[in-house]
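The values are calculated or read from the model by the stated rules, or taken from the named source; none is laboratory data. Since the model is a prediction, treat every value here as computed from it, not as a measurement. Note that each Cβ is placed from the backbone with ideal geometry, even for glycine, and that neighbours are counted across all protein chains shown.
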Amino acid sequence: MTTTHAATLTYEQCTRLAEAGKGEQALDAFREYLAGHPDDGAALNDVGALLYTMGRLDEAAVHLGAACSCLGEERGQALWNLAEVYLASGRPHKTLGLFADLAGKGLLTGELANRTATRFLDDEDRGGAVEALLGCQKALPNQDFLDRFIEAIRLQRPKVAFFCETGGTNFLTDICAFTGERFEARLYGRLTDEQMLEALNWCDIAWFEWCTGQLVRASQAPKVCRIICRLHRFEAYLDFPKAVRWENVDSLILVGNPYVRQYLNVAVPGIEQRTSVEVIPSAVNLERWAFVDRLRGKNIACMGYINQRKNPGLLLQCFWQLHKIDAEYRLFFGGQPQDAMLLQYVQTMIEELGLSDSVFIEGWQEDIVGWLDDKHYLVSTSLGEGLPAGILEGMARGVKPIIHTWPGAREFFPPEWLFRTPDEFCRSILEGEYEPRAYREWVAQRYSLQAQLKSINRLLRHWEGNPYPPKDDDGTIQEKIPDGSNSPETREGVAHYDQWYRGATVRETWPQKARREKIVEAISTLDRTDLRIIDLGCGLGHLETHLVTFGSVIGVDWSHEAVETAGRHCPEATFVCGDIRTILLPRENFDVVVSVEVIEHFTDEDQQAHLERARDLLVPGGMLVMTTPNRPVMEALNNESIERNGKAWSDQPVENWLDQDRLQAMVEAKGFIVDRIEAFLTKWRHEGLHTLLVARKNGRP
């Protein structure tokens, strides 16, 4: 088929070739047709379906994903086709990710959920099977077979026990309900030691809410299950963490304040080597804290317990200064006093400052949601917080936050909501914008309940796959790290990288962290969350967990081992296996192409082809973000390595490093405008180990 002939092909001619069973000819025809019509969603859907029938499932998935983007509201058939491709290629988690869209189109069926769940069970993934069935259950309630199927799987999963001896279970309400849908779960309050040991023997995973004496006793008892502790704030400053035997605690969850973590590391030296520490921020149930639009007003709320840590004395001084400016403002305390002497002080100062008609202590509020209806500002003068849930909940209602700069506050909130002095407190209220919807949206983007529960579910599923006792004789779970073996039989291509990645776990090294920060910074300048991003040479997918915050992400790598691991690590992204130089991908379909430490592993000819491919994949004006070793620095390191160890710095099949001038010239020659090129990262005395290049494809976006 000549180019001249192909250029005259119509969509109908392409489909006739496909209907006649001439698969390869139809594919060639569609490829040429799409070169001139890259946004034709129907054609992209047809190519995806054709590739599916030919068994080229990864390429089919990419084209069907592109079809969904182009077709918008008319994407129903492409969604269904994509779900089938994911199932056929053994990626039920990706099919599950389409359930909400399918349900919105009225296309989700119990039969599809059944097949998806069965595929999960074939992979011995009971958690995935339950998620598939629950997802369908929400869209299709009153399906008895779904209930029975879920219960049958749930009883085969680990038993989860929640322990909360303080009685403060408010933070657990949604977590317990969520967990109970997926696991057999129980909630325990204060127990005797005998009762606690019995509960620990019953469960497979024990969750301790608050790091208190109950956790201390459990950690010092014979270990019989996995143990998780969630520490909020106040416990870090007590003696309990020092008494915990952290080697018996499998996961320590912190809620986000870096100052709390910093203090904990000082109080308990080596804690992060003795247990696994991760941050899962507190969350707000946006359904419970429904939004109420409101105009700027003069009612200020302070909610929560009234104690020394809440610093009510400072609040009264701040409010007194505001009252001098405008006596119409009112301050309402909605919380239970915990200190009789402090309460006397607060009451006395209200009288001494002449605020008796303007400040009201209204006590504990059973209906705090309704209590906020007529409030316009929510103030916190705390000395410290783990994460101020009350402030976030008020913001979800549309109330403006006014926050004293306790340690860590600047890590959470923008400066316009913070104050240090009474003068700044007054300015925060009297000046600036009043935007109720923006306050709620800010919470929704950062502290949604769905995001928190997703992280918790991932943690529980991790320990489900690693039950206690560990399988190794020494009582630990060993993680295999790739050794980079480079024997002659694995020196070429895919075999080499499959060996490289086999059994690997996803860990971010310090050079990877530096590269990731540069890449995320570059993409952040686009200020979008609907980007279509493709990562050429994604490896284990450690970057994808950060890229998905900007939109939809496809990672391509030719190592089956890497792609399988990446898919487990970041199920939100799509990973396909293939040679990035030749795999069939839709042209002009991506806003961003990412290439991290890839181009140096190509010959001169393939480097040119790599840049051409990046250009062809990008929409006009699209961004190329690339990192690669900096040739002069790498050559110096290589020479030192040969002199010191008798072998080269790298043992990868091809190392064809580029200096910055050569890289920029190559990129510009391929039709890019270079926005930024710089060297970064220092290793030992060598500066500028890697090069970052950010460029735009010529043409109007």
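The lone criterion from (1) in the same structural domain as ILE253 (by TED's automatic domain parsing); (2) within 30 Å of THR118 (Cα to Cα); (3) under 28 Å from the mean Cα position of the chain (by Cα); (4) among the hydrophobic types (A, V, I, L, M, F, W, C) left unmet by TRP210 is number (2). Could you list, in sequence order, the residues of the stretch 602-646 that are of a type outside the set (Gly, Ala, Ser), under 23 Å from ASP527 (Cβ atoms) and either buried (at least 21 other Cβ atoms within 10 Å of the Cβ) or over 36 Å from the mean Cα position of the chain (by Cα) (or both)? Once the filter is applied, which keeps residues that are of a type outside the set (Gly, Ala, Ser), under 23 Å from ASP527 (Cβ atoms) and either buried (at least 21 other Cβ atoms within 10 Å of the Cβ) or over 36 Å from the mean Cα position of the chain (by Cα) (or both), the stretch 602-646 yields LEU617, LEU618, MET623, LEU624, VAL625, MET626, THR627. Counting only helices (runs of 4 or more DSSP H) that fall entirely inside the stretch 13-118 and contain at least 3 residues that are in contact with a helix residue (DSSP H, G or I) (Cβ under 8 Å, 6 or more places away or on another chain) and under 26 Å from GLU131 (Cα atoms), the qualifying elements are 57-71, 76-88, 92-97, 99-104.
Given the condition assigned to a loop (DSSP other than H, G, I, E, B) and either of a type in the set (A, V, I, L, M, F, W, C) or closer than 20 Å to GLU433 by Cα (or both), answer yes or no: does some residue in the stretch 373-380 qualify? Within the stretch 373-380, one or more residues are assigned to a loop (DSSP other than H, G, I, E, B) and either of a type in the set (A, V, I, L, M, F, W, C) or closer than 20 Å to GLU433 by Cα (or both).
For the stretch 426-447, the set of residues classified as within 25 Å of CYS318 (Cβ to Cβ), without any contact (Cβ under 8 Å) to a residue 60 or more places away in the chain and assigned to a helix (DSSP H, G or I) consists of ARG427, SER428, ALA438, TYR439, TRP442, listed by residue number. PHE145 satisfies every condition listed in (1) surrounded by 22 or more Cβ atoms within 10 Å (Cβ to Cβ); (2) assigned to a helix (DSSP H, G or I); (3) not acidic (Asp, Glu) except (1). Being more than 24 Å from ARG91 (Cβ to Cβ), among the aliphatic types (A, V, I, L, M) and over 17 Å from the mean Cα position of the chain (by Cα) is a description that does not apply to LEU584. Specify the residue that is surrounded by the most Cβ atoms within 10 Å (Cβ to Cβ); the eligible residues are those in the stretch 58-112 that are in contact with a Cys (Cβ under 7 Å, 6 or more places away or on another chain) and under 20 Å from LEU531 (Cα atoms). Looking at the filtered set, the residue picked out is LEU82.
Close Cβ contacts (under 8 Å, 6 or more residues apart or on different chains) running from residues in the stretch 289-308 that are without any contact (Cβ under 8 Å) to a residue 60 or more places away in the chain to residues that are surrounded by 15 or more Cβ atoms within 10 Å (Cβ to Cβ) and among the β-branched types (Val, Ile, Thr) comprise ILE306/VAL346; ILE306/ILE361. Candidates are the residues of the stretch 381-403 that are assigned to a helix (DSSP H, G or I) and touching a strand residue (DSSP E or B) at 6+ places or on another chain (Cβ under 6 Å); the one that is surrounded by the fewest Cβ atoms within 10 Å (Cβ to Cβ) is GLY390.
Only one residue in LEU692, LEU681 is at pLDDT 85 or above and either assigned to a strand (DSSP E or B) or not assigned by TED's automatic domain parsing to the domain that holds GLY622 (or both). Which one?
LEU692
Within the stretch 396-422, residues that are among the aliphatic types (A, V, I, L, M) reach partners that are part of a loop (DSSP other than H, G, I, E, B) and modelled with pLDDT of 90 or more with beta carbons closer than 6 Å, at six or more positions or on different chains, in the pairs ALA396/LEU286; ALA396/TRP289; VAL399/LYS375; ILE403/PHE413; LEU418/THR405. Is it the case, given these coordinates, that GLY370 is assigned by TED's automatic domain parsing to the domain that holds CYS426 and on the phi > 0 side of the Ramachandran plot? In short, no.
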